[in-house]
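**Q** Here you go, one structure.
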Amino acid sequence: MPNLRISEAAALLGVSDDTVRRWIDQGRLRAIHLDNGRKGVAGTELAAFAQRLAESAEPGATVAASARNRMRGIVTQVIKDKVMAQVEMQAGPFRVVSLISRESADELGLEVGSVAIASIKSTHVVVEIPEA
């Protein structure tokens, strides 16, 4: 299971490090101790928290839009059958769902809590793994 530093969790949720620390202090988000002794968040915990945030968020007004987007986020659900996989991600307040081959999902090692990038061009979504 992937574990994330507070700064990584904050970037994935689109908030500041201090906001994540406040959520931890308030008991809204559970922290873990990383190997380096610092606080962090389990990927599965962050995925569940991101879903709860998205469900409670109000949509904002659109000022402009672009067909070319790359959104870094956290995988919140992976459903696989023999041929295809449905990958759901939370990128800040945005939910992204992609249908990809099972082979691709397996090769990328996608699981709940994985950090990934959704590249969006029109109706075609490609899921990538960012460099460490």
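**Q** If you go through region 79-91 one residue at a time, how many are crowded, with 17+ Cβ neighbours inside 10 Å and either among the basic types (Lys, Arg) or in contact (Cβ under 8 Å) with a residue 24 or more places away in the chain (or both)?
**A** 5
**Q** Kindly provide the set of residues from region 108-132 that are surrounded by fewer than 17 Cβ atoms within 10 Å (Cβ to Cβ), in contact (Cβ under 8 Å) with a residue 12 or more places away in the chain and not aliphatic (A, V, I, L, M), ordered by number.
**A** 109, 111, 119, 121, 122, 128, 130
**Q** Mind checking which residues of region 1-40 are in contact with a helix residue (DSSP H, G or I) (Cβ under 8 Å, 6 or more places away or on another chain), among the small types (Gly, Ala, Ser) and either in a loop (DSSP other than H, G, I, E, B) or at positive phi (or both)?
**A** 16, 31
Here, each number is a calculation from the coordinates, and none is a lab measurement. Every value quoted in this text rests on a predicted model; they were computed, and no experiment measured them. Heads up, the Cβs are rebuilt from the backbone with ideal geometry, glycines too, and the neighbour counts pull from every protein chain shown.
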